[in-house]
Amino acid sequence: MNTVIFRTAAPALSALMLVFSVFVMLRGHNEPGGGFIGGLIGASGIAIYSISAGAAATRRALRVHPITLAGLGVVLAAIAGFVSLATEVPFLTGLWWIFEFEGAEIALSTPLLFDIGVYAVVVGAISTIALALDGEEGDD
Amino acid sequence: MPTDSFGQSCFPGLDDEIGDRGTRLGPDLDVVVALIALAPFIAALLAPWITRFAGPMAGWILAIVPAAIFATFLSFIGPVSDLTAIQAGLDWIPAYGIRFSFFIDGLSLVFGALISGIGTFIIIYSGGYLAGHPHQGRFFSYMLMFMGSMLGLVLADNIFTLFVFWELTSITSFLLIGFDHSRQAARRAAIQALIVTGGGGLALLAGLIMLTLITGQNSLSGMLASAGVAQQSGAYLVAMLLVVAGAFAKSAQFPFHFWLPNAMEAPTPVSAYLHSATMVKAGVYLLARMNPVLGGTQAWFWILTVFGGITLLLGGVLALRQTDLKQKLAYTTLGSLGLLVMLIGFGTKEAVLGAVLYLCAHSLFKGALFMVAGTIDHGTGTRDITVLRGLREAMPVTFIAALLSGFSMAGFPIAIGFLAKEEMYLALTSGVWPDLLFLAVMVVGNACMMVVGLLIALRPFLGEPRPTPHVPHEGSVSLFAGPVVLGVLGIVAGLFTDWLNRVVLSPAGASIYDGAVDAQVHLAFDLLNPAIWASIVTWALGIALFWHADNVRLALRRVGEGIGWTFDAGFDAAMFGLIRFGDRVTRLLHHGRLELYLLLFFAVLAVSLLAPLIVSNSLPSLPDWPVLTFYEWGAVLIAAIGLITVVGARSRLTAIVALGIQGFAVAVIFMLFGAPDLSFTQFMVETLSVIILALVMTRLHLGKADHRELEAAIRDGTVAIAVGAGITILLLVVLQTDLDLSLTELFQATSTPIAHGRNIVNVILVDYRAIDTLGEISVVMAAGLAILALIRHRAKPESAKKPRSTRRKEKAA
């Protein structure tokens with residue numbers, strides 16, 4: 001499986017998948033996609049890199065331990081909920097901030113922050129599992 | 001911000017906003033009453049710093065808090081002695097009508113004054129007793145937290161407020177008993193107390209909830225207002241037994257009495273405060289409080305009097321057997337609690353007044369005597385009554401304090417202890433048989449306690465001095481301030497009977513008796529009164545026992561050794577039995593064979609899917625043959641080929657990949673039938689499943705192929721087909737019912753205009769049902785963490801031990 005073609009293509013493929021995963025996550029509210037699917041795509045991208053370059057190299061490339069990413073995701077999603085509390089509406093009520101920027105309509109919202117949290121949890125947790133299975137922690 | 005739920009629930013919210021929504025007695029009262037229970041907690045937070053900076057003065061400084069609370073209680077005397085209950089509180093969970101509410105009537109006021117008043121001296125005493133202890137700050141912190149919990153408990157109106165404070169007293173008691181946590185005995189005693197009182201707390205919660213359902217009231221004041229309703233209910237007996245069980249566990253009534261003597265492992269200020277003057281009286285408080293709601297029935301009478309009586313005798317007799325001062329006092333505390341429970345069980349006016357009087361008397365003399373025992377221990381290094389003699393010259397002030405309290409405990413005239421005994425005997429001198437029997441029990445119990453009181457007041461101080469571990473020396477002011485003041489109060493209170501009748505007895509008696517009580521307690525020595533003869537018999541019996549105290553003790557020791565079994569040992573046996581039982585169950589269920597876990601799991605799934613459908617005879621009719629296009633048939637065919645390959649695959653890797661093919665084919669079908677989100681997810685999940693399964697395979701060092709015996713293959717195949725059939729049939733049933741589309745319509749109608757999203761699936765995930773998603777991602781995160789820990793746990797020892805050789809073996813394999 002670990003052929004020259006795969007090893008050469010894998011980094012480009014992973015990068016592409018990671019970018020695509022963010023795109024899927026962001027378009028999610030109106031088109032098919034969302035944090036969960038995006039996260040799965042992102043995790044697949046990381047897994048492909050890990051298969052071609054090894055778990056240790058992937059860990060180095062990620063810089064932070066993926067479980068940190070998962071924890072951060074839960075925190076972000078929770079923050080999205082607490083923002084609503086601060087404005088005296090029930091926990092996790094969606095708040096929207098829509099404005100024009102350079103002629104494009106930009107919509108920032110707590111559901112978006114929440115979805116980013118979901119994305120981070122899925123990428124983080126699944127990469128954690130895949131990397132832990134792929135190589136021992138002490139390898140790098 | 002007027003009445004939004006957030007603003008109200010952020011208790012204590014001691015700002016003007018809450019004061020504005022004032023209740024019956026002015027806007028500030030809510031805050032004042034809430035502060036009574038909360039101020040000790042605030043002080044507990046500051047205690048370690050105060051101790052660090054104030055050093056030996058810390059006890060005196062911190063004692064300001066309970067003293068201020070005591071003063072606040074005194075200001076409530078006016079309205080309360082007019083029999084007006086003060087009600088106050090803040091909203092807590094308004095949606096369920098749960099309030100952080102308080103209620104002060106005669107009974108709570110007596111308890112509150114005792115807790116804060118004695119607490120003041122206990123805090124001062126702790127400053128001297130634990131002077132220089134490295135964890136003195138922590139000790140103060142625990143003590144003040146306990147004080148706050150106890151005050152909250154006796155002031156609470158709402159049953160949930162009551163329960164929270166009730167459990168807090170158990171927890172702080174656990175921390176205090178186990179304060180000296182380096183000793184095994186202290187740890188064991190702490191856990192034992194927590195299990196017994198905490199278990200009782202659960203019974204109490206169940207009982208209180210049942211009472212709420214019966215009476216429709218979730219506050220004590222509401223229940224008291226509908227007194228008499230519960231007794232008529234069919235569920236009365238169960239509710240009453242649950243409440244009584246909680247109270248008995250807390251107040252160490254037989255058969256839960258064993259934890260209290262063990263709790264003497266705690267430092268002496270704790271024993272004086274928690275395990276004699278206050279916490280153990282929480283159960284008595286609850287029974288007294290519930291007397292109008294639950295009392296007045298035969299069951300209530302017999303349960304309280306019989307168990308109270310047994311506890312009284314048991315405590316009194318066992319106290320005579322001990323040689324340790326604290327143990328002696330602990331057993332007499334058991335006896336006193338039994339006595340109080342018994343009196344509440346009688347429920348007559350005299351009995352109730354006797355109980356209130358004895359409650360005050362006992363808190364005063366027992367708190368003082370415990371402090372005396374601690375001072376003796378502090379000054380001499382021992383608490384063994386067979387060793388201590390002739391301390392009167394070395395410790396004159398302590399001697400006087402001990403005499404005053406011992407006098408009250410023995411029930412000699414003019415002391416408040418005498419008044420209490422007279423009143424309780426008066427309640428039982430009707431001359432009919434159960435009364436006479438209980439009178440006899442009371443006389444014997446009181447005589448035993450009188451002996452212990454005299455022994456502690458006289459034995460260590462009289463006679464020729466004997467050598468003790470330290471050269472005896474008097475305690476500091478902080479050590480004798482409490483015993484002296486409490487001892488003097490115990491005597492003086494007996495002289496101010498008018499004040500006592502009006503301010504303490506009538507209001508508190510009225511709360512328990514549920515009707516006006518006109519207390520007429522007077523210091524009298526009238527030989528025509530039968531009660532005085534009961535007292536005289538008690539004294540005679542007590543003095544006779546005192547004279548032969550050593551012989552009695554030795555005789556009781558022999559009897560105890562003859563029986564050989566104690567409730568304490570029974571508790572241990574029960575705990576170890578529980579551990580062994582847990583071990584057996586775990587071994588039975590967690591045998592460690594993964595394939596059997598899976599088999600069991602799927603077999604149960606199959607049964608739970610199929611059994612209800614077959615039993616209720618709701619199997620679906622066969623659906624029509626589907627009309628599909630050729631490419632849709634193609635996807636179905638690929639899925640089928642994938643499945644056949646999984647079953648027939650020679651190597652595991654082929655099987656995993658084939659499973660992925662089947663999954664992809666299903667994803668294609670989803671796509672063809674217009675569920676792009678679902679199919680998208682399915683693609684990704686299948687991809688990752690194949691990758692992760694393949695990685696797991698490489699870790700597990702399994703054989704290449706999956707060989708199964710014929711029976712195993714048939715067994716596994718049957719379960720697999722049953723689960724598949726079950727899910728298929730269930731889906732067919734679901735599809736043949738009429739779908740309720742109201743949610744779908746709601747989502748379609750609101751998704752774009754309100755939630756700003758055209759993808760309803762995503763809007764449901766991140767907005768409509770975001771809290772579910774929050775839960776799910778937390779689970780995903782936790783699962784990742786758990787798997788990481790598991791793999792690290794497995795990987796570390798192997799690679800640490802023999803990194804080289806195992807690697808080689810892997811390669812060879």
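Overview of values
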| quantity | calculated |
| --- | --- |
| Criterion violated by B:P79 - all others in (1) at pLDDT below 85; (2) in contact with a Gly (Cβ under 7 Å, 6 or more places away or on another chain); (3) in a helix (DSSP H, G or I); (4) not aliphatic (A, V, I, L, M) satisfied | (2) |
| Some residue of the stretch B:415-429 being under 24 Å from B:Q520 (Cβ atoms) and free of Cβ contacts under 8 Å to residues at least 12 places away in the same chain | no |
| Criterion violated by A:W96 - all others in (1) more than 7 Å from chain B (Cβ to nearest Cβ); (2) over 29 Å from B:I692 (Cα atoms) satisfied | (1) |
| Selection status of A:V121, within 7 Å of another protein chain (Cβ to nearest Cβ) and not polar (S, T, N, Q) | yes |
| Unique residue being in a loop (DSSP other than H, G, I, E, B), buried (at least 23 other Cβ atoms within 10 Å of the Cβ) and at pLDDT below 90 when the list is B:L391, B:L404, B:L353, B:L419 | B:L391 |
| Flag if B:T773 is β-branched (V, I, T) and more than 10 Å from chain A (Cβ to nearest Cβ) | no |
| Residues located in the stretch B:733-761, provided they are within 16 Å of A:W96 (Cα to Cα), touching a residue at least 12 places away in the same chain (Cβ under 8 Å) and facing chain A (nearest Cβ under 7 Å) | B:A755 |
| Of the criteria (1) farther than 22 Å from A:L40 by Cα; (2) surrounded by fewer than 15 Cβ atoms within 10 Å (Cβ to Cβ), which one B:G674 fails | (1) |
| Qualifying residue in the stretch A:89-110 (condition: modelled with pLDDT under 90, under 26 Å from B:L785 (Cβ atoms), in a helix (DSSP H, G or I) and in contact with a helix residue (DSSP H, G or I) (Cβ under 8 Å, 6 or more places away or on another chain)) | yes |
| Residue, nearest to B:S116 (Cα to Cα), within the stretch B:146-174, restricted to residues that are of a type in the set (S, T, N, Q) and under 14 Å from the mean Cα position of the chain (by Cα) | B:S149 |
| Per-region count, the stretch B:708-742, residues within 23 Å of B:L619 (Cα to Cα), surrounded by 11 or more Cβ atoms within 10 Å (Cβ to Cβ) and of a type outside the set (A, V, I, L, M, F, W, C) | 6 |
| Any hit, the stretch B:744-755, residues being outside any helix (DSSP H, G or I) and under 30 Å from A:Y119 (Cβ atoms) | no |
| Residue within the stretch B:326-347 that is surrounded by fewer than 24 Cβ atoms within 10 Å (Cβ to Cβ), in contact with an Asp or Glu (Cβ under 6 Å, 6 or more places away or on another chain) and modelled with pLDDT under 90 present | no |
| Among (1) within 9 Å of another protein chain (Cβ to nearest Cβ); (2) more than 30 Å from A:I51 (Cα to Cα); (3) in contact (Cβ under 8 Å) with a residue 24 or more places away in the chain - the single one B:R715 does not satisfy | (1) |
| Check on A:A130, of a type outside the set (F, W, Y), assigned to a strand (DSSP E or B) and at the interface with chain B (Cβ under 7 Å from one of its Cβ atoms) | no |
| B:G309 being surrounded by fewer than 24 Cβ atoms within 10 Å (Cβ to Cβ) and either in contact with a strand residue (DSSP E or B) (Cβ under 7 Å, 6 or more places away or on another chain) or at pLDDT 90 or above (or both) | yes |
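Here is a yes/no grid of residues against (1) among the hydroxyl-bearing types (S, T, Y); (2) within 26 Å of B:N262 (Cβ to Cβ); (3) outside any helix (DSSP H, G or I); (4) in contact with a Gly (Cβ under 8 Å, 6 or more places away or on another chain):
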residue	(1), (2), (3), (4)
B:M290	no, no, no, no
B:V293	no, no, no, no
B:A299	no, no, no, no
B:L314	no, yes, no, yes
B:V317	no, yes, no, no
B:T333	yes, yes, no, yes
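The values are calculated or read from the model by the stated rules, or taken from the named source; none is laboratory data. In this text, all values refer to a predicted model and were calculated from it rather than measured experimentally. Counting neighbours? That spans all protein chains shown, and the Cβs are built from the backbone with ideal geometry, glycine included.
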